[in-house]
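Trainee: Next up is a structure, given as structure tokens.
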Amino acid sequence: MKKKRFHLSMVILLTLSMILAACGNKEESGEKPANEEAEKPQFISILTGGTGGTYYPLGGSFAEIIKDETGIDANAETSGASAENMTTLKNGDAEIAFSQTDIASYAAEGKLMFENNKVDNVKAIATLYPETIQIVTTKESGIISVEDLKGKKVSVGAPGSGTVANAEQILEVHGMTFDDINKQDLSFDESTQGIQDGTIDAAFVTAGTPTGAVESLGATEDVVIVPIEQDKIDAIIEKYPFYVKDEVPAGTYGLESSVTTVAVQAMLVASSDLADDVVYDITKAIFENLDKVTHAKGKLIKVENALKGVGIEVHSGAQKYFDEKGVKAQ
């Protein structure tokens, strides 16, 4: 009986020793939480948009900065832009991407074009610059307010695009729906051509200003950008926090004075599986080397605006950097 007790005691002691040794090894190895376990990747893909847009050249500058500052080989890849980028990240086929803030929000909430394809593994790194909602018409049309669009032929953007949702939401805060207008589903180029030809009266255009298609219209017509009044701006931002107040500056398209409106933001997002320390390093690299961004939009990217109108959860690695800089959500 004494031998059995002795053997049992030895087994218990040996088991405890093994457990304590294992715990000691974990502490010595500095094991981290799950999101920090992954080793630094050797390569990351940055999904952008088409070669003729803004995302692609910006992505190229970011890739060079990331490579130089972190040692991670990065590459900017062409894509179908925001909606496609969110789906690609969801599928694990890239690490970082550009997206409009509203599209990222729809993806995270499983709304509109993501109704059957909710994206729950993508988080924000930072917002970059505004993509302005411009309600474009001409002086000849006589349209000077959103309410004046009632009964008119109005393009709300290509089917399935973010512009369609922007148009619907702006009409909504003005007490209107698509039923109040003669809705046309046209691309930006088709819209401005339609205005010039007189086949439509106005168009919603969501893009950085100045927008090429609208500039072309301004070469032959007196362009008018319909303003959104402050109370309506406040209402849409309260309901849809991915919007920010914006304006089309005087001189753009020949405008005599600036026009108030709203904008969504171009944003950089990342897979939530990307380790915190990696995202921290990437965020720091970009915001501390903006002088190396060659595209004109680089001048609009500022760390103090990086959490403005984000609309989705911020990656904890990026949040750590912004906390250090004292940047708060807006």
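Quick note: the coordinates plus some simple rules give every number you see, no bench work behind them. Bear in mind the structure is a predicted one, so any value in this text is a computation, not a measurement. All Cβ positions, glycine included, derive from the backbone under ideal geometry; neighbour counts span all protein chains shown.
Trainee: Positive end of the dipole of the stretch 177-251, charges at C-beta (+1 Lys, Arg; -1 Asp, Glu), about the Cα centre: which of Thr192, Gly208, Ala219 has its Cα farthest in that direction?
Mentor: So the residue furthest toward the plus end is Gly208.
Trainee: Hey, another quick one. Rounded, prolate or oblate, given the Cα gyration tensor of the stretch 256-315, with a/c below 1.5 counting as rounded?
Mentor: oblate
Trainee: So, one more: Can you show me the helix-derived [θ] at 222 nm for the chain, built from DSSP H runs with n ≥ 4 at -39,500 (n - 2.57) apiece and divided by the number of residues, rounded to the nearest 500.
Mentor: It lands at -11500 deg cm²/dmol.
Trainee: Between Phe43 and Phe178, what length comes free when the chain is fully extended (0.36 nm per residue of separation minus the Cα-Cα distance, one decimal in nm)?
Mentor: Extra length available between Phe43 and Phe178 comes to 44.0 nm.
Trainee: If I model a spin label at Glu84 and Lys67 as a point 7 Å from the Cα along the Cα→Cβ vector, what separation in nanometres do I get?
Mentor: So the two model labels end up 2.3 nm from each other.
Trainee: So what is the relative contact order of the chain, in percent, for Cα pairs below 8 Å that sit 6 or more residues apart? Please list the in-between numbers first.
Mentor: Details: 620 pairs, mean separation 74.2, N = 330.
Relative contact order, the chain: 22 percent.
Trainee: Separate question: Among Ser257, Ala94, Ala165, flag the residue with its Cα farthest along the positive direction of the charge dipole of the chain, charges on Cβ as +1 for Lys/Arg and -1 for Asp/Glu.
Mentor: Farthest towards the positive pole: Ala94.
Trainee: Please list, in chain and number order, the residues 5+ apart from Thr261 or on another chain whose amide H is under 5 Å from its amide H, with Hs placed from the backbone.
Mentor: Here Ile228, Asp246, Glu247, Val248 satisfy the definition.
Trainee: If you don't mind, there's one more thing I want to ask. Taking the Cβ-Cβ separation of Asp323 and Glu238 as r and a Förster radius of 25 Å, what is the calculated FRET efficiency to the nearest 0.05?
Mentor: Working: r = 26 Å, r/R0 = 1.04.
Calculated value: 0.45.
Trainee: Straight distance only, please: which aspartates and glutamates reach the Cα of Lys292 with their own Cα at less than 20 Å, same-chain residues fewer than 8 apart left out?
Mentor: Glu64, Asp68, Glu69, Asp73, Glu77, Asp281, Glu304
Trainee: Using unit Cβ charges (K, R positive; D, E negative) and no other charged atoms, how large, in debye to the nearest 20, is the dipole of the stretch 83-229 about its Cα centre?
Mentor: The dipole magnitude comes to about 240 debye.
Trainee: Given charges of +1 on the Cβ of Lys and Arg and -1 on the Cβ of Asp and Glu, with all other atoms neutral, how large is the dipole of the stretch 158-305 about its Cα centre, in debye to the nearest 20?
Mentor: The dipole magnitude comes to about 400 debye.
Trainee: In addition: With each label point set 7 Å from Cα along the Cα-Cβ vector, what nm distance links Glu115 and Ala158?
Mentor: It is 2.1 nm.
Trainee: Further, regarding this structure: Structure shown: which of Lys123/Lys297; Lys111/Lys152; Lys152/Lys297 lie over 32 Å apart, alpha-carbon to alpha-carbon?
Mentor: Checking Cα-Cα distances, Lys152/Lys297 exceed 32 Å.
Trainee: If we count GluC sites (Glu not before Pro) as exposed when they sit in a DSSP loop and have at most 11 other beta carbons within 10 Å, what is the longest stretch of the chain that avoids them all?
Mentor: Looking at the chain, 116-255 is the longest stretch - no exposed GluC sites (Glu not before Pro) with at most 11 other Cβ atoms within 10 Å.
Trainee: Enumerate the calculated ³J(HN,Hα) couplings along the stretch 184-201 in order (Karplus 6.51 cos²θ - 1.76 cosθ + 1.60, θ = phi - 60°), each rounded to whole Hz, writing x wherever the residue is Gly or Pro.
Mentor: So the J values, rounded to whole Hz, are 10, 10, 10, 5, 4, 4, 5, 5, 5, 5, x, 5, 5, 7, x, 7, 9, 9.
Trainee: Let me ask you something else. Taking the Cα centre of the stretch 152-223 as origin, work out the dipole magnitude from +1 charges on Lys and Arg Cβ and -1 charges on Asp and Glu Cβ, in debye rounded to 20.
Mentor: Here the stretch 152-223 has a charge dipole of around 80 debye.
Trainee: Further, regarding this structure: Which of Lys183/Lys239; Lys67/Lys325; Lys67/Lys284; Lys245/Lys328; Lys153/Lys239 have a Cα-Cα distance over 19 Å?
Mentor: In this structure, Lys183/Lys239; Lys67/Lys325; Lys153/Lys239 exceed 19 Å between Cα atoms.
Trainee: Something else about it: Considering only C-alpha atoms, what is the centroid distance from the stretch 264-330 to the stretch 159-188, in Å?
Mentor: Comparing the Cα centres of the stretch 264-330 and the stretch 159-188, I get a distance of 31 Å.
Trainee: Identify which of the listed values of Kirkwood radius over Cα pairs in Å was calculated from the structure shown: (1) 26.7; (2) 21.9; (3) 20.3.
Mentor: (2)
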